[in-house]
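Here the structure comes first, spelled out in structure tokens, and everything after it is commentary.
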Amino acid sequence: MRRKRFQKGTVGERKHGRKKVWVGQWWENGSRRSKVLGKVSELTKTDAEGLLSKILQPINGDATENGVPIFTFGDYVNSVYLPTCRERWKESTRVTSEPVIQQHLCSELGGLLMAGIKRPHLQAFLKRKAPTSSRSVFEHLRWHLSGIFKLAWSDGVVDHNPAGELFVPECKPEGEKLVMTAEQIRLALTVFSLRDRLIFRLAVFEGMRPGEILGIRLGKISGNALLIDKRIYRGKMDSPKGRKGKKTSRTIALSPGTVADLELWLPMLPNQEPDALLFPSERNTALWRDNVWYRSMQPALETVGLGWATFQVLRRTNASLGRKAKVDDKVAADQRGHGLGVSLEVYSQSDLQQKSAVVERIESEVIR
């Protein structure tokens, strides 16, 4: 029995009446077949080849040419790349990454053949996106493109990684990264209820993420220390943020003021079991971050002109205060639960007072 060959088919330009169309041709059951794929004015040849490859998928079946199937970008992402990534991604990474891939990448590149996508094509795609997207979005798009083609290269679907040397073009300017001053922090502490004040303190002074705060269980609190081994993400209990399969739990220190507020709050909780949540809902379930912030904390801050603050601002404030107080960068990063690079490049912000001290010190080295 003859081995069934994997066929790519051919796409050619034909004239139908007064209009030019793309026509795909292939063999099926020993006979030559053809189909009009679309108008030349509406489709590129690469798009037409992508449509033909979808027609040929059920015909080819398990047939291969040199053991390598032909994929469109969308088919490869959905049938190979995403299933592979789901094995190593945390749920929080999956629910944020997959929509970005589908919305920005598959919507524009999905019908193109993987082997036909080249670096200039991808760079042109990024340039088209630049005016309406921030640099952070672009960094993620470039990272995903590189990951997709790196995996495709290892599978033999493409002969190189065209996304390996992409650069990020000039993007939409990012907004100012705000932090709270010491005076603003003291003002905010005066407008919160006990529960919200404690959440605020854990974010600003202890540097905890909102999901970690809402996932605290009573049995993990010990004096002035707290073990973080769980977090709440979209109402569900999960392990702390970090690489899947790696140790992500950590023990953090609690400030004296936070310990004092805890001593006031703990006796008010109806459930005192070790696994009980420190901040339960009325139904004794986990609180949602957005509900806590937008229904309770932000309205309180708006009364004193601090409604612009967010949980991200609070975390950035913690990092900036630590740098200003000359806290060791490694210790501060361990407390917040991330690497040194993220601590210095993303969260820490220098204020004018610090910058003035720098230039004064430099000048004093020259002019004595």
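The values are calculated or read from the model by the stated rules, or taken from the named source; none is laboratory data. Not measured: the values here are computed from a predicted model. Every residue, glycine as well, gets a Cβ built from its backbone with ideal geometry; the counts of neighbours run over all protein chains shown.
For this structure, a couple of remarks:
- Scanning region 56-79 for residues that are over 26 Å from residue 105 (Cβ atoms) and modelled with pLDDT of 65 or more gives a single hit, 59.
A quick yes/no check of all residues on (1) within 21 Å of residue 337 (Cβ to Cβ); (2) touching a helix residue (DSSP H, G or I) at 6+ places or on another chain (Cβ under 8 Å); (3) acidic (Asp, Glu):
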residue	(1), (2), (3)
250	yes, yes, no
253	yes, yes, no
260	no, no, no
267	no, no, no
270	no, no, no
277	yes, yes, no
286	yes, yes, no
292	yes, yes, no
296	no, yes, no
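- Given (1) surrounded by 17 or more Cβ atoms within 10 Å (Cβ to Cβ); (2) in contact (Cβ under 8 Å) with a residue 24 or more places away in the chain; (3) in a loop (DSSP other than H, G, I, E, B); (4) out of contact with any Asp or Glu (no Cβ under 9 Å at 6 or more places or on another chain), number of the condition residue 161 does not satisfy: (2)
- Subset of region 182-207 that is assigned to a loop (DSSP other than H, G, I, E, B) and touching a Gly at 6+ places or on another chain (Cβ under 8 Å) - its residue that is farthest from residue 289 (Cα to Cα): 205
- Subset tally (residues that are assigned to a helix (DSSP H, G or I) and within 28 Å of residue 180 (Cα to Cα)) for region 267-298: 10
- Here residue 232 does not qualify as closer than 27 Å to residue 321 by Cβ, touching a residue at least 60 places away in the same chain (Cβ under 8 Å) and surrounded by 12 or more Cβ atoms within 10 Å (Cβ to Cβ).
- Selection from region 218-228 of residues that are outside any helix (DSSP H, G or I) and either surrounded by fewer than 16 Cβ atoms within 10 Å (Cβ to Cβ) or not assigned by TED's automatic domain parsing to the domain that holds residue 253 (or both): 222, 223, 224, 225, 227
- Residue among 151, 198, 187, 214 that is under 30 Å from residue 85 (Cβ atoms), in contact (Cβ under 8 Å) with a residue 60 or more places away in the chain and assigned by TED's automatic domain parsing to the domain that holds residue 263: 214
- Restricting region 27-38 to residues that are in contact (Cβ under 8 Å) with a residue 12 or more places away in the chain and on the phi < 0 side of the Ramachandran plot leaves a set whose member that is surrounded by the most Cβ atoms within 10 Å (Cβ to Cβ) is 37.
- Cβ-Cβ under 6 Å pairs, at least 6 apart or on other chains, region 80-93 side under 12 Å from residue 151 (Cα atoms), far side modelled with pLDDT of 85 or more: 81/148; 81/151
Table: residues versus (1) aromatic (Phe, Trp, Tyr); (2) at pLDDT 90 or above; (3) in contact with a helix residue (DSSP H, G or I) (Cβ under 8 Å, 6 or more places away or on another chain); (4) part of a helix (DSSP H, G or I).
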| site | (1), (2), (3), (4) |
| --- | --- |
| 81 | yes, yes, yes, yes |
| 89 | yes, no, yes, no |
| 97 | no, no, yes, yes |
| 115 | no, no, no, yes |
| 126 | no, no, yes, yes |
| 136 | no, no, no, yes |
| 139 | no, no, no, yes |
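- One residue stands out in region 299-331 among those that are in a loop (DSSP other than H, G, I, E, B) and in contact (Cβ under 8 Å) with a residue 60 or more places away in the chain: the one that is surrounded by the fewest Cβ atoms within 10 Å (Cβ to Cβ), namely 303.
- For residue 227, the stated conditions do not hold, so it cannot be described as modelled with pLDDT under 90, more than 18 Å from residue 280 (Cβ to Cβ) and either among the polar types (S, T, N, Q) or out of contact with any His (no Cβ under 9 Å at 6 or more places or on another chain) (or both).
- Number of positions in region 258-274 that are under 34 Å from the mean Cα position of the chain (by Cα) and either over 19 Å from residue 199 (Cα atoms) or not assigned by TED's automatic domain parsing to the domain that holds residue 220 (or both): 1
The rows are residues; the columns are (1) closer than 29 Å to residue 19 by Cβ; (2) surrounded by fewer than 18 Cβ atoms within 10 Å (Cβ to Cβ); (3) within 24 Å of the chain's Cα centre (by Cα).
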| position | (1), (2), (3) |
| --- | --- |
| 40 | yes, yes, no |
| 48 | yes, no, no |
| 59 | yes, yes, no |
| 71 | no, no, no |
| 79 | no, yes, yes |
| 92 | no, yes, yes |
| 101 | no, no, yes |
| 114 | no, no, no |
| 122 | no, no, yes |
